[in-house]
1. Which far-off residues, 5 or more places away or on another chain, put their amide H under 5 Å from the one on Gln220, with H placed in the peptide plane?
2. What is the fewest-to-most order of Leu266, Leu119 by other Cβ atoms lying within 10 Å of their Cβ?
3. Any idea how far the Cα center of region 229-304 sits from the one of region 171-225, in Å?
4. When the dipole is taken about the Cα centre of the chain, and only Lys, Arg (+1) and Asp, Glu (-1) are charged at their Cβ, what size is it in debye, to the nearest 20?
5. Per-residue counts of other Cβ atoms within 10 Å, averaged by peptide: what ranking do you get for 285-291, 38-44, highest first?
6. Which ordering of Arg122, Arg338, Arg110 is given by a fewest-first count of other beta-carbon atoms within 10 Å?
7. Amide H to amide H, which residues 5 or more places from Thr245 or on other chains are under 5 Å from it, using H placed in the peptide plane?
8. Hey, of (i) 25.6, 83; (ii) 39.9, 138; (iii) 23.7, 81, which did the structure itself give for Rg and Dmax of the Cα atoms in Å when calculated?
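Derivation of every value follows stated rules applied to the coordinates shown; laboratory data play no part. Bear in mind the structure is a predicted one, so any value in this text is a computation, not a measurement. Here Cβ is always computed from backbone atoms with ideal geometry, including for glycine, and neighbour counts include all displayed protein chains.
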Amino acid sequence: MTPTAHRPARALLTLLALVAGLLVAPTGPARAVPGKPPPLTTPWTSQALTGTPLPEYPRPQMTRPDWLTLNGEWQLRQSVTDDPPQFGTDLPDRVNVPFPVESALSGVQRAANDNRHYLYYRRTFTVPPAWSGRRTLLHFGAVDWQSTVWVNGRQAGTHTGGYDAFALDVTPHLTGGSNELVVKVWDPTDSRQHGSLPPIGKQTKTPDGIFYTPVSGIWQTVWLEPVPTASISRVDLTPHLATNTVRVRVHTRGDVSGHSVLAEALDGGTVVGAATGGFTEFSVPVPNARRWSPDDPYLYDLRVTLRAAGGATVDRTTHYVGMREITTGMVNGVLRTRRSDPAPPTQTEAARPPRTVPRPAPA
């Protein structure tokens, strides 16, 4: 797709073990291992493991054309103790990422009261040659709860939190061929192991009544994305209906000295408003903006371009925004939540079909 030292003998043995392991670990967009019979099915259960699981583009609010999914079959080892990670070695079990190990679709379906709170995942991947010259980001949609990531035996980063996405720049750890990815996850849920009690919602090791089976390990899409050395990392969008504008603030990574931002609002494929700014908030006009409502959920595209001092495009991302506001105000003397109340769409507006969010295809 277009996204210290050891004695010589020990070093040689380590290298041979790594090579041997890389030959058998899953690589590329992986197919799924068989799931287990679920206790509750839906009309879509049988389709979930057809091909690569969850192949859809994972971040529709900020799209780039190049990306590579790492969903599918991974190797897995479960442990009661906090063991050192194993590199260049096959792990005993198989798991479908990105399904939690308690689920049937994971192919594991372990019991809720399983006390192996340490999970070790392993697979390999190859970065597409067309990504040469760019930084490679490794994205995790969500991992519950505390994770450590290694690429080719070198620690790339850590993260704590079971509900939020995170990304690591793994460029310094990559090789030109097959790369080994190992992830350790510790999820004690409500066992209070080592005095822990992470945010668990209704998860429990002893589900009953309104309390649920835990969700442990990788449970959202894992994917790779190439970005320029200077790139867009996040864009905040705030509609302002009184002025028919969208307030834009662009966050970046890398050296953006002398760079500027061009933001363009698009109705379908037509640019209807544009503005140039820096890295503080600025406004983009959306003339005669079509208001978003449940009856008319119209979305505008917003194209954000990071430009070098000479005007050349450095990075570009595409977003979407609905022209709607949610505020607070006094209603009959009581502070209430208030939403924008758009007028009914005109006949011309009603004829315009709701916009579909673009979904770049995976590798």
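1. Those qualifying (amide H under 5 Å, at least 5 residues apart or on another chain) are Gly141, Ala142.
2. With the fewest neighbours first, Leu266, Leu119 line up as Leu266, Leu119.
3. Region 229-304 and region 171-225 have Cα centres separated by 34 Å.
4. 260 debye
5. 285-291, 38-44
6. Going from sparsest to densest Cβ surroundings: Arg338, Arg110, Arg122.
7. His240, Val286
8. (iii)
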